[in-house]
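Novice: Sharing a structure below in structure tokens format, with a few things to ask.
The values are calculated or read from the model by the stated rules, or taken from the named source; none is laboratory data. This one's a predicted model, so the numbers in the text were calculated from it and none came from an experiment. Cβ sites come from the backbone with ideal geometry, for glycine too, and all protein chains shown count toward neighbours.
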Amino acid sequence: MGVTHGARAALLVLADGRFPAGGHAHSGGAEAAVKAGRVRDAGTLEEFCRGRLHTTGLTAAGLAAAAAAGLDPLALDEAADARTPSPALRAAARRLGRQLTRAVRATWPSPELDALAAARPRGAHQPIVLGLAARAAGLSPLDAAYAAVYESVSGPATAVVRLLSLDPFDATGVLARLAPELDAVALRAAAAAASAAADGGVDALPAGAAPLLDIMAEQHAEWPVRLFAT
């Protein structure tokens, strides 16, 4: 399930924050957490990212890995809806999915992604598109899970650098300290996707909940002025 020599560069491209997928406009809940005083420095950022990794990050990684493994993307999209109770986050996930679809169709053309775009013209959930992108690029389900878990923590870390003028070296240190947990969560997500593929159902996929992130997302969506979309 590892990266092949031919696909290693594709994983780097997909996980690169400069890939034009729209993620730079989203803080992953960090903006609301900063305003609430829950994220104040590198230590509290690490706590925030760890919580996000083991809940929404794990869920997204499982969905991405399952899509890369070839499970029905429409069924996965419905599963993503069921795992995203916040209307604001559901809408954001579909906007991000639509933007990622545009970027991936220009980079790694895929009939599967074309079919999903036709079936979900307003956008499929971003993790589903991410998994199909990995599949189109010749990557494995584990690779898709890695891209998802890294995104789940790198987005908030980058956002907090801007929100708090946090030293970028400190933010990078947070990501480095979380690396062993990224490994563990990606492996768990890929194993769940393999179980889902074997059993033919999405119930085997993770459904980690983060109620506080959901509540803050709804509050954040009502702010008249904000730096990030989420």
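Novice: Taking the residues in the stretch 1-46 that are charged (D, E, K, R), more than 18 Å from the chain's Cα centre (by Cα) and part of a helix (DSSP H, G or I) as candidates, determine which candidate is modelled with the highest pLDDT.
Specialist: Lys35
Novice: Within the stretch 83-94, count every residue that is more than 11 Å from Gln126 (Cβ to Cβ) and touching a residue at least 40 places away in the same chain (Cβ under 8 Å).
Specialist: Selection size over the stretch 83-94: 5.
Novice: Is it fair to say Ala209 is touching a residue at least 40 places away in the same chain (Cβ under 8 Å), in contact with a Gly (Cβ under 9 Å, 6 or more places away or on another chain) and surrounded by fewer than 22 Cβ atoms within 10 Å (Cβ to Cβ)?
Specialist: So Ala209 does not fit the description; no.
Novice: For residues that are assigned to a helix (DSSP H, G or I) and touching a residue at least 60 places away in the same chain (Cβ under 8 Å), tally how many sit in the stretch 174-203.
Specialist: Residues in the stretch 174-203 being assigned to a helix (DSSP H, G or I) and touching a residue at least 60 places away in the same chain (Cβ under 8 Å): 16 in total.
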